[in-house]
Amino acid sequence: MQTYLTGLFTMLPLIVAIGAQNAFILRQGLLREHVFAVCLFCAVSDAVLIAFGVFSAGWLTGIAPWFSTAMTWGGAVFLFAYGARSFLSAWRGGAALRAGARAGSLGAAIATAAALTFLNPHVYLDTVVLVGAISARFEDKTAYAAGAMSASFLFFFTLGYGARLLAPIFARPRAWQVLDVLIGLVMWAIALKLVTGVGAAAGLAPGA
């Protein structure tokens, strides 16, 4: 259960990060257009990428023992940069949500969701690289992956169907600034935990 919860709470702050995909889901929720299909597509896409990251990371660690450490340090650097970007965004001022024009057909909505998902390099950094790197620390990778996948399903469907409740709040730039600051703090906290874990492991290594 603890491993499952770790996966859940590792993925949540990553997926909450402000981006075009989340803004699109909010927009679909506001317009009540193809909400279920769009949320399901984004969640399943994340699940596939998470599974690849978690289980391919374990395979690579088996044939290259240094891979886990390299991935962990790389993930820590990425998280630090991600957090810094969130703080910078908060300092510059958030952007209010604009619903825009209607998406139209289901095909058009899914095509847009696919582009925002698979053409965004941060999706791969979050789901494959970072989540995969952290999973190397756990024996029960299935529970960890399930937790991370649950976070995607929970967040996307909450965002899509709760959009009408969130719209009045996130129509104000100040709300985006507060969220950016919170995301930055979480990113840096996870980065520190990763680096501390690596340092502790090095200290226990023979000859250290």
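The values are calculated or read from the model by the stated rules, or taken from the named source; none is laboratory data. These numbers come from a predicted model, not from an experiment. Positions of Cβ are backbone-derived with ideal geometry, glycine not excepted, and every protein chain shown enters the neighbour counts. Protein only, heavy atoms only, side chains kept; ligands, DNA and RNA dropped before computing areas. Shrake-Rupley method; radii C 1.70, N 1.55, O 1.52, S 1.80 Å.
Would you point out the residue of segment 2-17, among those that are surrounded by fewer than 17 Cβ atoms within 10 Å (Cβ to Cβ) and either in contact with a His (Cβ under 9 Å, 6 or more places away or on another chain) or in contact (Cβ under 8 Å) with a residue 40 or more places away in the chain (or both), that is nearest to residue 147 (Cα to Cα)? Working first, answer last.
Going through segment 2-17, the residues surrounded by fewer than 17 Cβ atoms within 10 Å (Cβ to Cβ) turn out to be 2, 5, 9, 16.
Narrowing further to those that are either in contact with a His (Cβ under 9 Å, 6 or more places away or on another chain) or in contact (Cβ under 8 Å) with a residue 40 or more places away in the chain (or both): 5, 9, 16.
Values: 5: 6, 9: 8, 16: 15 Å.
By that ranking, first place goes to 5.
Keeping to segment 126-137, report how many residues are crowded, with 18+ Cβ neighbours inside 10 Å and either more than 10 Å from residue 53 (Cβ to Cβ) or not hydrophobic (A, V, I, L, M, F, W, C) (or both).
Of the residues in that region, 5 qualify.
All but one of (1) modelled with pLDDT of 75 or more; (2) of a type in the set (A, V, I, L, M); (3) open to solvent by 30 Å² or more (accessible area, probe 1.4 Å) hold for residue 97; state the number of the condition that does not hold.
(1) is the only condition that residue 97 fails.
Quick check on segment 65-94: of everything there that is open to solvent by less than 70 Å² (accessible area, probe 1.4 Å) and in a loop (DSSP other than H, G, I, E, B), which residue is modelled with the lowest pLDDT?
In this case the residue turns out to be 94.
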